[in-house]
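Quick note: the coordinates plus some simple rules give every number you see, no bench work behind them. If you're wondering where the values come from, they're calculated on a predicted model, not measured in any experiment. Note that each Cβ is placed from the backbone with ideal geometry, even for glycine, and that neighbours are counted across all protein chains shown.
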Amino acid sequence: MVRVELCFGGGLEALLGGQKRTPVDVPDECRTMGKLILWIRDTLISERHDMFMKDDCVRPGILVLINSSDWELEGTTQYVLEPGDSISFISTLHGG
Amino acid sequence: MEQPQQETVERYSRQMVLGCFGVESQRCLSRARVLVVGAGGLGCPAAMYLAGAGVGALCLLDRHGDCVERSNLHRQIAYNDAVVGVDKAEALAQFVRNLNPRCDVQRLDSKQHGVGICAANAEQMVQGFDVVLDCTDNVMSRYVLSDACALQKVPLVSGAAIGTDGQLSVYCSSGAKDDDTPCYRCVHPVAPPQHCVGSCDSAGVLGPVPGIIGTLQAIEAIKVICGASFVGAEPLRRKMLLFDAMDCSFRTMKLRARNSACIACSSNSTSTQNRITRVNEYDYDAFLMGDSAGDSAAAAPAIAPESRGPLPSRIEALEFSRISNESTLLVDVRPNTHFQMCHLPGAMNVPLTDLSSAERVRDIQHEMDRRSRGEAQSSTLYIICRRGNDSQKAARKLSETGLFHRVVDIMGGLSAWSDQVDPTFPKY
Ligand SMILES: [Zn+2]
């Protein structure tokens, strides 16, 4: 198990009953970001999965951050979680 | 160096005496040409502060014929009750002209009703500006504007706000060799599915939130314009600010660099396929539909193949007002916060999203029985929403349960009720 903090923002917190920060223990076999996303879908999100995912990855319009860095800078789905990591899923806003 | 004129000193002294800013930065501002796209919650404070700061030319662009509404006033602070109904870009231009008569304020116009920035005009519109501010409120404008700025090498200060959240970043390289600023498309190569895009109109927005972000956009624009003369100031390039009003947190995240294969901003034009060479030649509708074409089809009205109950029908608001009485059941399917704000007497609130719950549907059945005193088998269930879209979906859904004798939805929703039946019922 690896303990990380998950953050949901930009409206995505609605998928977790309004909770923006959630500490979780991720099973060892789900330690890559790619697996973590599937694990979140299966264990934390109970409905409207299409607001979070599309074709086994996060849907377009969600920025994924690994400790405040764009996950593109960290290897995206290949990144291996470290204890204490903060992983954020932020929906892009368009209103003005 | 020549000394600034008396009026310049008197008007801008408070920022000119700032050690990091100084006379030279003020000169940069006075020579700058700035375009603000969108005259709403972000555009108002952004334009106001930029005019106050003394930019040389300030151009404003919004949808032609988009007028100030009363529901704008809590956040679009350049307007007041007296300008409700006035064209927004015009009203904002007037406000900033009064604020600083030395600023050359112009309103750009697409000349076409309902059209603001669009693929056909974007490149032409952004050409020759030192910085452009994206204060728009929709996905299409954001891509169009970013693509135009990427091609014309104009920095883009992009702000967005909804609910209690705000976001801010500076996109698009100025063309300098070592500038690895991404464009909007580098960060968002695929458009979001349409059903995941919220608007202030439907989701709501706390007034000061766009105020904060629009104000920060003015700061970023000033930093971009002044460059090195604003000593130590760094525009928010390759970073994004995330503002959350709920805990008053400002988080800055690191963004990816420019994508060398980006179809909008890559400098290597030969190796990139499908590169956008002209914004007006790119098919934005197809791009926005993207793979999400299926989603939008699902959202559009469609008759379910295995419809068990009778097909729902529709009725005019005026007609409904004539036939309804105390035994009529009207279900209002708007979100509960909307219902609490205003509703028709006797209406029962069951939000559209709750209709997938069998328990809530049973609640409707029970209420139907109670009101019709056992005559539910021959009674009609009426459905209403804000504008008549969700009520159609709800009516279809309830019809398909086969539990109701007849389901009818009210065309145009409460908005039509206000127009046809009761003008004192709030339109929002
Ligand atoms: Zn790009």
Inset, instruction - With label points built 7 Å along Cα→Cβ from the Cα atoms of residue B:277 and residue A:53, find their separation and express it in nm. - result: 4.2 nm
Legend entry - the range B:56-213 - charge dipole about Cα centre, Lys and Arg +1 at Cβ, Asp and Glu -1, debye rounded to 20: 120 debye
Legend entry - Theoretical gain in end-to-end length, residue B:318 to residue B:425 [0.36 nm per residue, Cα-Cα removed]: 37.2 nm
Legend entry - Dipole axis of the protein assembly as shown (+1 Lys, Arg; -1 Asp, Glu on Cβ), positive-most option in B:140, A:52, A:11: B:140
Inset, instruction - Would you work out if the range B:35-93 is rounded, prolate or oblate? Take a ≥ b ≥ c from the square roots of the eigenvalues of the alpha-carbon gyration tensor; rounded if a/c is under 1.5, else prolate when a/b is larger than b/c, oblate otherwise. - result: prolate
Inset, instruction - Output ³J(HN,Hα) for the range B:359-370: one whole-Hz value per residue in order, computed from phi by the Karplus curve 6.51 cos²θ - 1.76 cosθ + 1.60 with θ = phi - 60°, and x for Gly and Pro. - result: 5, 5, 5, 5, 4, 5, 4, 4, 5, 4, 4, 4
Inset, instruction - Just tell me how shielded B:192-199 is by partners: mean number of partner chain Cβ atoms within 10 Å of each residue's Cβ, no decimals. - result: 6
Legend entry - Calculated FRET efficiency for the pair residue B:3/residue B:97, C-beta based, R₀ 22 Å, to 0.05: 0.25
Legend entry - Cβ-defined net charge surrounding residue B:142, 10 Å radius [Lys, Arg +1; Asp, Glu -1]: -2
Legend entry - 4 °C / 1.567 mPa s Stokes-Einstein diffusion coefficient of the range B:1-43, Kirkwood radius on C-alpha pairs, µm²/s: 108 µm²/s
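Based only on other Cβ atoms within 10 Å, what is the fewest-to-most ordering of B:315, B:364?
Neighbour counts put them in this order, fewest first: B:315, B:364.
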Inset, instruction - Could you work out the equivalent-ellipsoid semi-axes for the range A:2-91, taking the square root of 5 times each eigenvalue of the Cα gyration tensor, largest first, in whole Å? - result: 18, 14, 13
Inset, instruction - For the range B:66-126, restrict the atom set to alpha-carbon positions and state the Rg and Dmax in Å. - result: 13.0, 35
Legend entry - All Cα pairs of the range B:35-186, percent lying beyond 24 Å: 29 percent
Inset, instruction - Count the net charge of all other residues whose Cβ sits under 15 Å from the Cβ of residue B:370, scoring Lys and Arg as +1 and Asp and Glu as -1. - result: -2
Inset, instruction - Using only Cα atoms, locate the centre of the range B:369-428 and the centre of the range B:309-349, then give the distance between them in Å, rounded to an integer. - result: 4 Å
Inset, instruction - Among B:142, B:373, B:362, rank each residue by its count of other Cβ atoms within 10 Å, from fewest to most, as a rough exposure measure. - result: B:373, B:362, B:142
Legend entry - Leading residue at positive end of dipole, the range B:351-403 (Cβ point charges), from B:384, B:399, B:372: B:384
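Need the full-extension length gain, residue B:245 to residue B:67, defined as separation in residues times 0.36 nm minus the C-alpha distance. One decimal, nm.
Roughly 61.3 nm would be gained on extension.
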Inset, instruction - Pop the C-beta distance of residue A:86 and residue B:257 into the FRET formula with R0 = 25 Å and round what comes out to the nearest 0.05. - result: 0.65
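What are the semi-axes of the equivalent ellipsoid of the range B:306-420, taken as the square roots of 5 times the eigenvalues of the Cα gyration tensor, listed largest first and rounded to whole Å? Mind showing how you got there, number by number?
Numbers: eigenvalues 74, 48, 41 Å².
Whole-Å semi-axes of the equivalent ellipsoid: 19, 16, 14.
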Legend entry - Fewest-first ranking of B:12, B:184, B:282, using other Cβ atoms within 10 Å as the exposure measure: B:282, B:12, B:184
Legend entry - For the range B:141-202 versus the range A:40-96, the gap between their alpha-carbon centres in whole angstrom: 19 Å
Inset, instruction - Can you tell me the FRET efficiency between residue A:20 and residue B:340 if r is taken as the Cβ-Cβ distance and R0 is 22 Å, rounded to the nearest 0.05? - result: 0.35
Inset, instruction - Would you kindly state how much longer the chain becomes between residue B:24 and residue B:82 on full extension, computed as 0.36 nm times their sequence separation minus their alpha carbon distance, in nm to one decimal? - result: 16.9 nm
Inset, instruction - In square nanometres and to one decimal, what's the mean projected area of the convex hull around the Cα atoms of the range B:326-376? - result: 3.5 nm²
Legend entry - the protein assembly as shown: Rg to Rh, with Rh as the Kirkwood radius over Cα pairs: 1.01
Inset, instruction - Can you quote the Å³ per residue value for the convex hull of the Cα atoms in chain B, rounded to an integer? - result: 166 Å³
Legend entry - Projected label distance in nm at residue B:387 and residue B:366, using a 7 Å step from Cα toward the beta-carbon: 3.5 nm
Inset, instruction - Report the one residue of B:356, B:47, B:100 whose Cα lies farthest in the direction of the positive end of the charge dipole of the protein assembly as shown (charges on C-beta: Lys and Arg +1, Asp and Glu -1; origin at the Cα centre). - result: B:100
